[in-house]
């Protein structure tokens, strides 16, 4: 028993020692927020970093280790390895973390760290007409660097927001860096917008409108009935169809 404990202790020490000498340099962070109509969002974060030649072996060892948590990786990589879109009241769910393999480009060692997760209540929606829905982004979910005037995008960081299908942007601040021509045509047919390093987020606003078709309204109507009445929904639909058939039959028979 004592020999097993000593062996485990020795392995732990050998694993920990190289971490203090490992050299990782983060060069770029891409945060993509894909908004859903139900006010949630799918977030994908890709962290690009350079690894020194002396640290490649240690990174490779850490990558295949089964006992390293996200907290361990945060201690290894640094403060940029965090979720930058967070609902402080509900947290994130369906979280996935994938440290990529090392790629050598022109003598430089690169690796990509990917985080994927979902967040609730990233937007707030109000129905202003039978098929008209106004969405407003909730800036309280941002978890970026804090400056003198509030949050700003971290160095070498790109924030991209992907809008739900059928969206039309009504207002946005600050003006997106991409696409550069969207501002001049009132964001017509714009499906995604991006901001680069240094953009202030303290007064961030994004409002867009979705106008659903009549088919979506009908489906939503019966979906709400099913949510409230369950299996009795089918009985109600059957009665409505039967009543329509009887009405048409007797009307034609006159």
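Residues that are under 18 Å from residue 143 (Cα atoms) and touching a strand residue (DSSP E or B) at 6+ places or on another chain (Cβ under 9 Å) were ranked within the range 57-78; the one that is surrounded by the most Cβ atoms within 10 Å (Cβ to Cβ) is 77. For the range 84-98, a tally of residues being more than 14 Å from residue 151 (Cβ to Cβ), assigned to a loop (DSSP other than H, G, I, E, B) and either at pLDDT 95 or above or within 11 Å of the chain's Cα centre (by Cα) (or both) returns 0. Going by what's in this entry, would residue 75 be described as without any contact (Cβ under 8 Å) to a residue 60 or more places away in the chain, touching a helix residue (DSSP H, G or I) at 6+ places or on another chain (Cβ under 9 Å), assigned to a strand (DSSP E or B) and more than 22 Å from residue 162 (Cα to Cα)? Against the criterion (without any contact (Cβ under 8 Å) to a residue 60 or more places away in the chain, touching a helix residue (DSSP H, G or I) at 6+ places or on another chain (Cβ under 9 Å), assigned to a strand (DSSP E or B) and more than 22 Å from residue 162 (Cα to Cα)), residue 75 does not qualify. I'm trying to understand the selection: among the residues of the range 160-174, which are under 11 Å from residue 36 (Cα atoms) and modelled with pLDDT under 95? The one that is under 11 Å from residue 36 (Cα atoms) and modelled with pLDDT under 95: 165. Screening the range 14-37 for residues that are modelled with pLDDT of 95 or more and part of a loop (DSSP other than H, G, I, E, B) and picking the one that is surrounded by the fewest Cβ atoms within 10 Å (Cβ to Cβ) gives 36.
Return yes when residue 95 is surrounded by fewer than 14 Cβ atoms within 10 Å (Cβ to Cβ) and in contact with a strand residue (DSSP E or B) (Cβ under 8 Å, 6 or more places away or on another chain) and no when it is not. Judged against the criteria, residue 95 is a match. If residue 184 satisfies all but one of (1) out of contact with any strand residue (DSSP E or B) (no Cβ under 8 Å at 6 or more places or on another chain); (2) at pLDDT 95 or above; (3) not in a loop (DSSP other than H, G, I, E, B), what's the number of the condition it fails? Condition (2) is where residue 184 drops out.
Can you name the residue in the range 132-154 that is assigned to a loop (DSSP other than H, G, I, E, B) and in contact with a strand residue (DSSP E or B) (Cβ under 8 Å, 6 or more places away or on another chain) and is also nearest to residue 207 (Cα to Cα) among such residues? Taking the candidates together, the pick is 138.
Residue-by-condition table, conditions (1) farther than 29 Å from residue 89 by Cβ; (2) surrounded by fewer than 12 Cβ atoms within 10 Å (Cβ to Cβ); (3) touching a residue at least 12 places away in the same chain (Cβ under 8 Å); (4) not assigned by TED's automatic domain parsing to the domain that holds residue 29:
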residue: 147; (1), (2), (3), (4): no, no, yes, no
residue: 175; (1), (2), (3), (4): yes, yes, no, no
residue: 184; (1), (2), (3), (4): yes, yes, no, no
residue: 192; (1), (2), (3), (4): no, no, yes, no
residue: 196; (1), (2), (3), (4): yes, no, yes, no
residue: 206; (1), (2), (3), (4): no, no, yes, no
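The values are calculated or read from the model by the stated rules, or taken from the named source; none is laboratory data. Remember, predicted model here, so these are calculated numbers, not experimental data. All Cβ positions, glycine included, derive from the backbone under ideal geometry; neighbour counts span all protein chains shown.
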